[in-house]
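Here is the structure we will look at.
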Amino acid sequence: MTDLERAQIALSSLSRADKARLLEWILHDLGGVSPGIEITPDVVGGAARIVRTRIPVWTLVHARQLGASDVEILRMFPRLRAEDLVQAWAYYRSHRDEIDQQIEANEAA
């Protein structure tokens with residue numbers, strides 16, 4: 001049995017929350033790669049956003065900064081999955097200045 005096959009078996013027994021945490025570790029290990037994040041110049045002003053949505057990362061980060069839990073954010077944005085939030089938080093850690101500037105610009109508007 002290969003390491004990958006053993007990992008697949010172990011993964012099947014994890015909760016969704018544990019899988020999301022594992023995904024966060026993997027993304028960190030890959031050096032900040034954010035496969036669930038897209039940047040398209042003509043969509044949401046070119047802000048980093050969750051793939052398959054128009055939800056900017058800065059919106060999610062700002063909600064969290066205002067005290068919303070992950071569960072509350074998922075309720076506010078029903079199209080999101082827990083994995084999307086993991087990717088958003090990982091992106092924020094790697095691009096903190098960019099996201100903080102977007103939050104600041106939105107607050108000033």
If I model a spin label as a point 7 Å beyond the Cα along the Cα-Cβ vector, how far apart are those points for E83 and L22 in nm? 1.2
Work out how far the C-alpha atoms of the chain reach from end to end along every principal axis, then list the three figures in whole Å, largest first. 56, 26, 22
Surface accessible to a 1.4 Å probe, T59 within the full protein complex, Å²: 40
Helical mean residue ellipticity (222 nm; -39500 (n - 2.57) per DSSP H run of 4+; nearest 500) of the chain: -18500 deg cm²/dmol
How do V86, V44 rank by accessible surface area computed with a 1.4 Å probe, from largest to smallest? V44, V86
Length-normalised contact order for the chain - Cα pairs under 8 Å, 6+ apart - percent: 27
Residues other than I50 with Cβ under 12 Å of its Cβ, Lys/Arg counted +1 and Asp/Glu -1, net out at +2
For I37, what residues show an amide H to amide H distance below 5 Å, using hydrogens built from the backbone and excluding near sequence neighbours? V51
Computed from the beta carbon distance with a Förster radius of 22 Å, FRET efficiency for N106 and V71 to the nearest 0.05 stands at 0.40
Charge dipole (debye, nearest 20) of region 39-109; +1 at Cβ of Lys and Arg, -1 at Cβ of Asp and Glu: 320
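State the extension gain, in nm to one decimal, for the chain segment bounded by T40 and S13, taking 0.36 nm per residue of separation less the distance between their alpha-carbons.
Separation in residues times 0.36 nm, less the Cα-Cα distance, equals 6.1 nm.
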Expressed in angstrom and ordered largest first, the alpha-carbon extents of region 49-109 along the principal axes are 27, 20, 19
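The values are calculated or read from the model by the stated rules, or taken from the named source; none is laboratory data. For clarity, every value in this text was computed on a predicted model and none was experimentally measured. Here Cβ is always computed from backbone atoms with ideal geometry, including for glycine, and neighbour counts include all displayed protein chains. All accessible areas refer to the heavy atoms of the entire protein, side chains included, with ligands and DNA or RNA removed. Shrake-Rupley method; radii C 1.70, N 1.55, O 1.52, S 1.80 Å.
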